[in-house]
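Engineer: Once you've had a glance at the structure underneath, I'll fire off some questions.
The values are calculated or read from the model by the stated rules, or taken from the named source; none is laboratory data. Remember, it's a predicted structure, so these values are computed and weren't measured experimentally. Note that each Cβ is placed from the backbone with ideal geometry, even for glycine, and that neighbours are counted across all protein chains shown. Heads up: the accessible areas ignore ligands, DNA and RNA and are worked out on the full protein's heavy atoms, side chains in. Shrake-Rupley method; radii C 1.70, N 1.55, O 1.52, S 1.80 Å.
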Amino acid sequence: MAGRLAAGLAAHVDAGKTTLSESMLFLSGALRRQGRVDHGDTFLDTERMEKERGITIFSKEARLNWKGTRLTLVDTPGHTDFVGETERSLSILDAAVLVISGPDGLQAHTRTLWRMMEKAGVPVILFVNKTDRMEGDREEVIRALSVLSDRIVSFAEDPSEKIALCDETCLDIYLREGNISPKRIRTMVRSRELFPCFFGSALRNEGVEALMDFLADFPEEREWPKTFGARVYKIARDPQGNRLTFLKITGGELKARDPLTGGEGENAWTEKAAEIRLYSGARYTAVPGVGAGELCCVTGLTRAMPGDGLGFEKKGGGQTQRPCYACRVVPGPGADLHRTLDCLRILEEEEPLLQVEFIEARREIRVHSMGEVYLEVLRDRMQERFGLSISFADSGVLYRETIAEPVEGVGHYEPLRHYAEVHLLLEPLPPGSGLVFGTDVSTDDLALNWQRLILTHLQEKTHRGVLTGSPITDMRITLVNGRAHLKHTEGGDFRQATYRALRQGLMKARSVLLEPWLSLEITVPAENLGRVMNDLTLMGGKQEPPEDAEEGFRRIRAAAPASACQHYGRELSALTKGLGRMSASFYACLPCVNAEAVIAARGYDPLADLMNSPDSVFCSHGAGVTVSWKQVEQWMHLPLRESGKNVSRAETKEAAGGSPAVAGGYRGTAEEDEALRVIFERTYGPVRSRQLLAPVPKEQSVGQPAEQRRELWPEGEILLVDGYNVLFAWEEWKELLPDHFDAARGQLADLLCDYAGMTGKEIILIFDAYKVKGNPGSAERYRNIFVVYTREAQTADAYIEKTTLLARKRARIRVITSDRPEQLIALGNEAMRTSAREFRREVTQVQGSIAAFIQKNNRPGSERALERLYKEAWKKQREKEQE
């Protein structure tokens, strides 16, 4: 069976990438005549806009055979405005050919492509093009490329000796055998331990055959999964308007009319593949079926999107390249607004970074853009494909928002005959992380179908921040608690509760306004360098020392806010009389330098945004009542689970209307406490606990601050931990318990010492010793906690009952146990109760806080300017807040 390889071609614009694809097709016999970009007759640039501009805008496939291997070339865009198309293609490649212009050397976008390939884990082969116009020798080029990796090796001649210098194992083989086998070289390339570099001139067909020979030998024999799987990497439409879904088959076999499945949970879908096509340029061949490893296109799918997984494949991760600008779409005279929106939605399927947004209140359409060329192409496509004339206005920077500290948000939705409550933990993530969603709720507490529904609602819309209404980013959003009603909960209830929980958390949090920064590479005549450096300083950018470029030119790399350099390309062209060049790519979203001015200019009022309300709806006196986000935590039905806190909340209902009231400091649900109270009264008589049974006085009502309700519980908190109950409840101790009780007890004590040190709580760890003959019992101070061993004939239950009874008037007691009788005892003595499993979550969060503290105070001291940028920006942000 012939080998098969999907190889992508990627490069900085004008490096000769499309010319290389033409040369490979011509040399293989797939083309009779070699086209040229400047003539507008290349095989893969099929669109009118591509021919007119001389750049690749859409990725295309071309198929050829070379020495028994079937090569599928994927030609990707080189312009920075269309880097999203390139990044999506990388996920389905077996290898990538990174084309570098010999005369221009290493450019800014080349570094961006290298980082994307590194993230995708794709093997990389380099091809230095235009060597006929290159000054200097090839060794200088390799040295310049070493900033990407020190394992880039020239394959212009036998590379064995140079490979041996990169790897100790290869050095041993080379000294023993005198060379390194091609098989081992290919293995190293596949694992990204080696990056071959070829030299040539694609326009003259020089050095191209050596590259093709290496690619032909590159495919490996592998066993593909038997079950069907595929990854979607592109959506397009043919001239007849048929929706085309481009796939990489990763397992099994696909035949025409086979059903394909995608999505998860409630978003799962099944559709048939009407036709299977193998595209090469603008032409295609219809085939009855394809096997694993093949790139193909299918018709008939309406719901698949780029990045989706089909069959056993899961949805891929988000893109690292993000739009930096947003603008308003202005329909032409007489154009229908909704038809314009529908056509833009079609283009959004093909380019997800477009992110079309319709603002109903202002009846306007906004789109995200990567730059001016991107918008020009969008305007041309709307006119060419749909006959619609559009323009753009109010172009500005696409700000983002994140948070500085973890926070828990609560959303409750309970109008009459509806019920849902959601608790979300919001945590900041490093720059570029995007939004990460997850759940940390047991199915015992909330059914799996409700958890999946909540995660779906989190991902189905763009969530707005509270500073400027900009999209949020760089956060982990975790479901930590939730409740449904057996009779009254419907799917839409959790949508409302989820949105409100996220919004309430953002209102509580310390939000940070982020702005996009661009990584710039500017090449100008030497006499203009001073002016450019001064401009970058005025922008607030960070510069690296300038370096020599071609004769008479200097190159400088920098990072600058996108707001400051949005139109700098035009200014640079005017300054240098067309001789200067600038390339820009997305660097990171960093705290905004002039955040206060931007927030004031936007004038966004989060409470006036009715589509994103932070308030919750509760049921009171038989009707729905809107409760302000500030008071939601005093009305909520479930306890908070914030890091380092264990504040219990009111969970009982007022008899008259069913609205929650402040009911003291205990853990658990209102239904559970009512059941415990009934059991306790049957056994011991009436419970005289003012915290559980007494109505809340008006002067201590829900709306009052906590300081004014202090008499509901005394100062301080003491934790009584049933040691053996905790040991048997936590999974990590189960291996030690049969034979190593002493070790388990010691580890638990150390863990609680850390917890006490971080939270400041007093802890009494109690172990049963009632079966030990003659044991008098003991209480000892172990570091910062107390460890108690009960005396003979005294159980931990008895000790806890006595302690809670004696201390209930002096301190706030919380009992840590999952034992039901002990919980009854705690309830009768007005103590709070926390299960061993809930306490484990608290301890885990405190451990995370300790780790974060250690990491914060052990940072390395020296980093490069661009790497220090994020930390400096955060520091400035904090200094402003302190002022």
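Engineer: Do the sum for the chain: with -39,500 (n - 2.57) for every DSSP H run of n ≥ 4, divided by all residues, what is the mean residue ellipticity at 222 nm, to the nearest 500 deg cm²/dmol?
Structural biologist: -9500 deg cm²/dmol
Engineer: Which order do Val373, Val787 take by accessible area at a 1.4 Å probe, largest first?
Structural biologist: Val373, Val787
Engineer: Also, quick follow-up: Write down the accessible area per residue of region 192-290 in Å², having rolled a 1.4 Å probe over the full set of protein chains.
Structural biologist: Result: 48 Å² per residue.
Engineer: Using the alpha-carbon atoms, what tilt in degrees (0 to 90, nearest 10) does helix 17-28 show relative to the longest principal axis of the chain?
Structural biologist: For helix 17-28, the angle is close to 60 degrees.
Engineer: Moving on. For region 378-446, with every protein chain kept in place, what is the accessible area per residue (1.4 Å probe, Å²)?
Structural biologist: That works out to 39 Å² per residue.
Engineer: Quick one: length gained pulling Arg510 to Ala601 fully straight, 0.36 nm per residue minus the C-alpha distance?
Structural biologist: 30.8 nm
Engineer: Also, I was wondering about something else. Could you give the length gained on full extension between Ile850 and Thr169, defined as 0.36 nm per residue of separation minus the Cα-Cα distance, in nm?
Structural biologist: Gain on extension, Ile850 to Thr169, equals 241.1 nm.
Engineer: Can you tell me the FRET efficiency between His567 and Ser191 if r is taken as the Cβ-Cβ distance and R0 is 45 Å, rounded to the nearest 0.05?
Structural biologist: Efficiency, from the Cβ-Cβ distance: 0.55.
Engineer: Relative contact order (percent) for the chain, with alpha-carbon contacts under 8 angstrom and 6 or more residues of separation?
Structural biologist: Rounded, it is 7 percent for the chain.
Engineer: Next question. Would you mind telling me the share, in percent, of accessible area of the chain contributed by carbon and sulfur at probe 1.4 angstrom?
Structural biologist: That fraction is 49 percent.
Engineer: Using only Cα atoms, what Kirkwood radius does region 317-398 have, in angstroms?
Structural biologist: This gives a value of 12.9 Å.
Engineer: Highest mean first, how do 4-16, 440-452 rank when packing is the count of other Cβ atoms within 10 Å averaged over residues?
Structural biologist: The peptides rank, most packed first, as 4-16, 440-452.
Engineer: Relative contact order for region 42-140: what percent, with Cα pairs under 8 Å and sequence separation of 6 or more?
Structural biologist: This gives 21 percent for region 42-140.
Engineer: Run the 1.4 Å probe and let me know the accessible area of Arg385, rounded to the nearest 10 Å².
Structural biologist: Accessible surface of Arg385 is approximately 90 Å².
Engineer: Quick check: from the Cα gyration tensor, does region 321-475 come out rounded (a/c under 1.5), prolate or oblate?
Structural biologist: The shape class here is prolate.
Engineer: So how do Tyr499, Tyr419 rank on accessible area, 1.4 Å probe, biggest first, that is with the largest at the start?
Structural biologist: Greatest to least solvent exposure: Tyr499, Tyr419.
Engineer: Roughly how many Å² is the accessible area per residue of region 498-547, as a whole number, for a 1.4 Å probe?
Structural biologist: Per-residue value: 33 Å².
Engineer: Provide the solvent-accessible area of Thr250, counting protein heavy atoms only and rolling a 1.4 Å probe, rounded to the nearest 10 Å².
Structural biologist: Roughly 10 Å² of Thr250 is accessible to a 1.4 Å probe.
Engineer: Provide the FRET efficiency to the nearest 0.05 for the Asn179-Glu547 pair, computing r from the beta carbons and using R0 = 41 Å.
Structural biologist: The pair Asn179/Glu547 has a calculated efficiency of 0.65.
Engineer: For Glu271, what accessible area in Å² do you get when you roll a 1.4 Å probe over the heavy atoms of the protein chains, rounding to the nearest 10?
Structural biologist: 30 Å²
Engineer: Quick check: with the 1.4 Å probe, what order do Leu751, Leu575, Leu295 take by accessible area, largest first?
Structural biologist: Correct descending sequence by accessible area is Leu575, Leu751, Leu295.
Engineer: Can you pull the three principal axis extents for the Cα set of region 1-96, in Å, largest first?
Structural biologist: Taking the Cα atoms of region 1-96, the three principal extents are 40, 31, 19 Å.
Engineer: Let me ask another. P(r) for the chain: what percent of alpha-carbon pairs falls in each 10 Å bin, starting at zero?
Structural biologist: That works out to 2, 10, 17, 20, 18, 14, 10, 6, 2, 0, 0, in percent per bin.
Engineer: Additional query: Taking 0.36 nm per intervening residue step and subtracting the Cα-Cα distance, what contour gain separates Glu762 from Lys487 on full extension?
Structural biologist: 94.8 nm
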